[in-house]
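Novice: One structure coming up, written as structure tokens, with questions to follow.
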Amino acid sequence: MVFGTISLLIISKLYNRSIKDILHFYNPKSAFLIYAVPFCLSIIYRTAYFSNLTISLLISKVILQQFATCFFEEGLFRGLLLEGAFHAKNNKWYTNLIYGLLSFIIFGSMHVLFGWDLWTFFYTGTIGFAFAAIFLLSHNLIYPMLLHFIYDIFDNIAPYSISKESSIALWADQLYKPSVIFAFIIFASLLFLNTSTFFNIYCWFIKIFIWQLSSPDFTLFISSTSTSLSKI
């Protein structure tokens, strides 16, 4: 939280922007980021119950730690790193893409500092690229922070989930890696499209997400999760 606050103060000082202006809720269309749906659904569908997930772990590691992480990482890797795109004197059609790829490379590299792995680099880099696209298209830092937090909740609760055997769970797992590659292509394209176009895409993803939530498996997951948490 301290380093995230420092990043925001640097942005404010360098670019003469108030903290209120940096952290705002304008342009809600920028919340089109539903790239994490296949991953989140794979956790939902394959989870029979949670094991060894205590209330203290849920609050500290899954919630508070990830809140601080998304605050710091978005403030640094999106806010501070990409703010210059909005102040470039010669902002060309490819400027946003270059800044987005910069976020992709740096964010991916930071996740393989202690051991190189090509998939980890590409997968985490794509996550950073997606959040960068939201920020560059909206100049809005709040939504990347919130979406990063939601994604990290699922990512950090996954190790405590006990998998169930189901065709939907297997399908979701198989779909995840291709969806990451597809997401990278989509967000690279979105940096060249106008607001109405990516908003229409966002609405389309929302409809799919709502349809998935109405499935029987999701209802079963909610029921089993409530039972598991009640035993903690």
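Novice: Return the pair list, or none, for Cβ contacts closer than 7 Å from residues in the range 128-154 that are within 20 Å of ALA68 (Cβ to Cβ) to residues that are of a type in the set (Asp, Glu) and part of a helix (DSSP H, G or I), at least 6 apart or on different chains.
Specialist: Short answer, once both residue conditions are applied: PHE131/GLU74; LEU141/GLU74; PRO144/GLU74; MET145/GLU74; HIS148/GLU73; HIS148/GLU74.
Novice: Something else now. What about ILE106, is it more than 19 Å from LEU14 (Cβ to Cβ), out of contact with any Asp or Glu (no Cβ under 8 Å at 6 or more places or on another chain) and of a type in the set (A, V, I, L, M)?
Specialist: Working: more than 19 Å from LEU14 (Cβ to Cβ): no; out of contact with any Asp or Glu (no Cβ under 8 Å at 6 or more places or on another chain): yes; of a type in the set (A, V, I, L, M): yes.
No.
The rows are residues; the columns are (1) within 21 Å of MET110 (Cα to Cα); (2) exposed (fewer than 13 other Cβ atoms within 10 Å of the Cβ); (3) modelled with pLDDT under 65.
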| position | (1), (2), (3) |
| --- | --- |
| GLY4 | yes, no, no |
| ARG17 | no, no, no |
| ASP21 | no, no, no |
| LEU33 | no, no, yes |
| SER42 | no, no, yes |
| ALA48 | no, no, no |
| THR54 | no, yes, no |
| ILE59 | no, yes, no |
| GLY75 | yes, no, no |
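Novice: Then there is this: If you check every pair at least six apart or on different chains, which have Cβ atoms under 9 Å apart with a residue in the range 51-69 that is at positive phi first and a residue that is among the hydrophobic types (A, V, I, L, M, F, W, C) and open to solvent by less than 60 Å² (accessible area, probe 1.4 Å) second?
Specialist: none
Novice: So which residues in the range 78-103 are hydrophobic (A, V, I, L, M, F, W, C) and open to solvent by 20 Å² or more (accessible area, probe 1.4 Å), if there are any at all?
Specialist: Here is the first cut: in the range 78-103, the residues hydrophobic (A, V, I, L, M, F, W, C) are 80-82, 85-86, 88, 93, 97-98, 101-102.
Those that are hydrophobic (A, V, I, L, M, F, W, C) and open to solvent by 20 Å² or more (accessible area, probe 1.4 Å): LEU80, LEU81, PHE86, ALA88, TRP93, LEU97, ILE98, LEU101, LEU102.
The values are calculated or read from the model by the stated rules, or taken from the named source; none is laboratory data. Computed from a prediction, not measured in an experiment: that's the story for all the values here. Ideal geometry is used to build each Cβ from the backbone, glycine not excepted, and the neighbour counts take in all protein chains shown. SASA here: full protein model, heavy atoms, side chains in, ligands and nucleic acids out. Shrake-Rupley method; radii C 1.70, N 1.55, O 1.52, S 1.80 Å.
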